[in-house]
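To start, the structure itself, in structure tokens.
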Amino acid sequence: MAKARYQNVDKMNYEAPLTSLVWLTSLVSIGLTYLVSYLMIPDIGGDPTMWWKLSSIITCGTLAGAIIPEFVKVFTSVDSSHTKEVVTSSREGGRRSTFCPAWWPATSARIGWA
């Protein structure tokens with residue numbers, strides 16, 4: 001699938017196939033967690049709902065370990081606009097960034113940071 005998708009691209013973004021793989025394996029893992037739990041432990045201690053509760057706890061681990069970092073990568077990827085903005089800001093002395101409001105230079109001068 002990756003070969004067909006990326007074989008003829010002009011500029012290769014190596015994060016793209018890895019991201020697809022992380023999403024695919026995470027979704028398969030979550031789906032199989034619920035299916036196998038239902039098949040193996042449909043009734044624990046007389047509680048027929050325990051299988052999906054345990055599967056949900058396991059799914060939280062998958063979310064924390066695989067899916068949440070993929071969302072964080074939006075801000076930390078070398079191709080993200082936020083990363084490029086931080087690098088530009090760093091080169092210009094750290095003053096130019098969208099998370100600094102317009103009053104920043106005046107405020108920093110008033111409190112002795114400038």
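The values are calculated or read from the model by the stated rules, or taken from the named source; none is laboratory data. Keep in mind that this is a model prediction, so the values were computed, not measured. Methodologically, a virtual Cβ is constructed for each residue, glycine included, from the backbone with ideal geometry; neighbour enumeration extends over all protein chains shown. Just so you know, the surface numbers come from the protein's heavy atoms only, side chains and all, with ligands and any DNA or RNA stripped out. Shrake-Rupley method; radii C 1.70, N 1.55, O 1.52, S 1.80 Å.
Just a few scattered comments:
- Accessible area of SER90 in the full protein assembly, 1.4 Å probe (Å², nearest 10): 90 Å²
- Couplings 3J(HN,Hα) for region 27-40, derived from phi with the Karplus relation 6.51 cos²θ - 1.76 cosθ + 1.60 (θ = phi - 60°), are 5, 5, 4, 5, x, 5, 4, 5, 5, 5, 4, 5, 6, 8 Hz, where x marks Gly and Pro.
- With DNA, RNA and ligands ignored, accessible area of VAL86 (1.4 Å probe; Å², nearest 10): 70 Å²
- Here the calculated FRET efficiency for TYR6 and TRP52, from their Cβ-Cβ distance with R0 = 25 Å, stands at 0.10, rounded to the nearest 0.05.
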